[in-house]
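A quick write-up on the structure given underneath.
The values are calculated or read from the model by the stated rules, or taken from the named source; none is laboratory data. Keep in mind the model is a prediction, meaning the values are calculated, not measured. Every residue, glycine among them, receives a Cβ derived from its backbone with ideal geometry; neighbour counts consider all protein chains shown. Heads up: the accessible areas ignore ligands, DNA and RNA and are worked out on the full protein's heavy atoms, side chains in. Shrake-Rupley method; radii C 1.70, N 1.55, O 1.52, S 1.80 Å.
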Amino acid sequence: MSFGVNRFAAIVVGLAVMAVSAACGSESAPDYGKYPAQRIAGDYDSQPSRARGILAESVRLGERLVFASDVDPDLKAGRGGGVLADYTGLNYSLIPGAQVAAANAHGVQGAFGVAAADKAGADAKKQLSVSLLEFPDDQAAAAAAVDMERADFYQAPDNAPVLVDAFPTAWAHWRPGIPALSSTFAWKSLVIRVSAQLPDPDPAALVNMVTAAYQKQLALLDSFTPTAASELAALRLDPDGLLPRLVKTGDNTPDRQNFAVYGVRAYAQLGADPAGDFAATSGAGLVSMAMSRNNQLFRLRDAATAHDFTAYLTSRGSDANYAPLSGVSGATACAQATQQVPTQLTPYRYRCFVTHGEFVARVYSDTESDVRQLAAAESAVLADRR
């Protein structure tokens, strides 16, 4: 995929003009407000931490999770998911409560899962959910697969077991007349959980979908080595030091939404079109991304692709509801939302992009004065070489 030559050429030129205009239009010292203008190295990776290790391992699993559209091309609409575990076990989950309890009894040390459908709305006819759960060893995973299946099976008295012929050690069941099938399968110290839904209650078709999901998923796990339980606490969240390149706006407690680093595939899994987002962002040169509260940092292959990636981000369909905001110190481009989204809790009314070298930062705020200070501070932090 080529960015910045044809599709985004006009946008790239416009961004360059905006950046030059902003730089030339303000000769006073930047206003950083309450924000630090230098990198602040946190201690989040300096000491052993099982909680941090579970988050890091969960993201590793996300880098190997299958896209639902690779199982069935109709399943392009992301329906949520991401990191499913923390130090307390499975706590945010696509997985039913009975199975969550069964899994937690065996010591979950990482989990990532997503769901997808043929349509984004409630009228979806096909759905597929695939989750990877990691346990301390192979024996724990095998026991968890059995217990998770048993716990879900006994939720309804008319549930019936189903054989997945291609995977004889997989456990599966359905409720006759209901077009859905749930299955678990232990692989090394992982449990792969698959839940499939089709328009018609056809057990053979449901088994075929589950079989395809296992086949595609195992191919992605072929070279994956789960982290040993004894090494989990030593896993680093941010080995490349991306998070200190974001202006500090809160504490440094590792968290799947508020303080984390993702690879390109795991990050794409969080979107509305996971496979499409992955193709676009990896093709654009994205290497990894970090998030700290409502701010994000994207690392690209080089400075040229970073500049084009800014154009890509500002050209996406959801950004049509933003109007340009000019004269922001240090920012490549800024914008103000032209309409409020009532259900959106995150402060996204104003946003700025700051590009420096191979990095693109995206910062948000609910007020114009704050986003101007935040963008100026982010520009200084990215320029800080310490």
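Out of curiosity, is S129 under 18 Å from L65 (Cα atoms), free of Cβ contacts under 8 Å to residues at least 60 places away in the same chain and not β-branched (V, I, T)? Lay out the reasoning, then the answer.
Numbers: under 18 Å from L65 (Cα atoms): yes; free of Cβ contacts under 8 Å to residues at least 60 places away in the same chain: no; not β-branched (V, I, T): yes.
No; evaluated as a whole, the condition is false for this residue.
Name, by its number, the condition in (1) at pLDDT 95 or above; (2) open to solvent by 10 Å² or more (accessible area, probe 1.4 Å) that does not hold for A103.
Answer for A103: the failing condition is (2).
Quick grid of which residues meet (1) over 15 Å from S58 (Cα atoms); (2) modelled with pLDDT of 95 or more; (3) of a type outside the set (A, V, I, L, M); (4) open to solvent by 40 Å² or more (accessible area, probe 1.4 Å):
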position: L84; (1), (2), (3), (4): no, yes, no, no
position: V108; (1), (2), (3), (4): no, yes, no, no
position: A116; (1), (2), (3), (4): yes, yes, no, no
position: L128; (1), (2), (3), (4): yes, yes, no, no
position: L133; (1), (2), (3), (4): no, yes, no, no
position: Q139; (1), (2), (3), (4): yes, yes, yes, yes
position: A143; (1), (2), (3), (4): yes, yes, no, no
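Pull out all pairs, ordered by first then second residue, where Cβ-Cβ is under 6 Å, the residues are six or more apart or on different chains, the first lies in the range 47-68 and is closer than 16 Å to L220 by Cβ, and the second is among the small types (G, A, S) and assigned to a helix (DSSP H, G or I).
V59/A266; G62/A266; E63/A266; F67/A275
Considering only the range 60-75, how many residues are within 13 Å of F224 (Cβ to Cβ), open to solvent by 10 Å² or more (accessible area, probe 1.4 Å) and part of a helix (DSSP H, G or I)? Quick ask: steps written out before the conclusion?
So the first thing to find is which residues in the range 60-75 are within 13 Å of F224 (Cβ to Cβ), and the list is 60-66.
Of the ones still in play, those that are also open to solvent by 10 Å² or more (accessible area, probe 1.4 Å) are 60, 63-64.
With the extra rule that they be part of a helix (DSSP H, G or I), the set shrinks to 60.
The total comes to 1.
Go through the residues of the range 242-249 one by one and say whether even a single one is in a loop (DSSP other than H, G, I, E, B), farther than 21 Å from L65 by Cβ and open to solvent by 40 Å² or more (accessible area, probe 1.4 Å).
First pass over the range 242-249, keeping only residues in a loop (DSSP other than H, G, I, E, B): 242, 246-249.
In the following step, the residues that additionally are farther than 21 Å from L65 by Cβ were identified as 242, 246-249.
Applying the additional criterion that residues be open to solvent by 40 Å² or more (accessible area, probe 1.4 Å) yields 248-249.
Taking every residue of the range 242-249 in turn, at least one turns out to be in a loop (DSSP other than H, G, I, E, B), farther than 21 Å from L65 by Cβ and open to solvent by 40 Å² or more (accessible area, probe 1.4 Å).
So how many residues does the range 239-267 have that are in contact with a Pro (Cβ under 8 Å, 6 or more places away or on another chain) and not β-branched (V, I, T)? Before you say what the answer is, go through the steps one by one.
Taking the range 239-267 and keeping what is in contact with a Pro (Cβ under 8 Å, 6 or more places away or on another chain), we get 247-248, 260.
Adding the requirement that they be not β-branched (V, I, T) leaves 248, 260.
Of the residues in that region, 2 qualify.
Applying the selection to the range 268-293, what residues are hydroxyl-bearing (S, T, Y) and either out of contact with any Asp or Glu (no Cβ under 8 Å at 6 or more places or on another chain) or in contact (Cβ under 8 Å) with a residue 60 or more places away in the chain (or both)? Break it down into steps so the answer makes sense when it comes.
First pass over the range 268-293, keeping only residues hydroxyl-bearing (S, T, Y): 281-282, 288, 292.
Of everything in the range 268-293, those that are hydroxyl-bearing (S, T, Y) and either out of contact with any Asp or Glu (no Cβ under 8 Å at 6 or more places or on another chain) or in contact (Cβ under 8 Å) with a residue 60 or more places away in the chain (or both) turn out to be T281, S282, S292.
Pick from R236, R193: which is over 30 Å from N252 (Cβ atoms) and either touching a residue at least 24 places away in the same chain (Cβ under 8 Å) or open to solvent by 30 Å² or more (accessible area, probe 1.4 Å) (or both)?
Working: R236 fails: over 30 Å from N252 (Cβ atoms).
Going through R236, R193 in turn, the sole match is R193.
Checking S329 against (1) in a loop (DSSP other than H, G, I, E, B); (2) modelled with pLDDT under 90, which single condition isn't satisfied?
So S329 meets the others, but not (2).
Can you tell which of E27, E57 is crowded, with 20+ Cβ neighbours inside 10 Å and either at pLDDT 50 or above or part of a helix (DSSP H, G or I) (or both)? Full working, then the answer.
Numbers: E27 fails: crowded, with 20+ Cβ neighbours inside 10 Å.
Sole residue among the options that is crowded, with 20+ Cβ neighbours inside 10 Å and either at pLDDT 50 or above or part of a helix (DSSP H, G or I) (or both): E57.
With the requirement that a residue be among the polar types (S, T, N, Q) and either over 17 Å from Q127 (Cα atoms) or open to solvent by less than 70 Å² (accessible area, probe 1.4 Å) (or both), what does the range 197-227 give you? Steps first, please.
The initial filter retains those residues of the range 197-227 that are among the polar types (S, T, N, Q), namely 197, 208, 211, 215, 217, 223, 225, 227.
Q197, T211, Q215, Q217, S223, T225, T227, listed by residue number.
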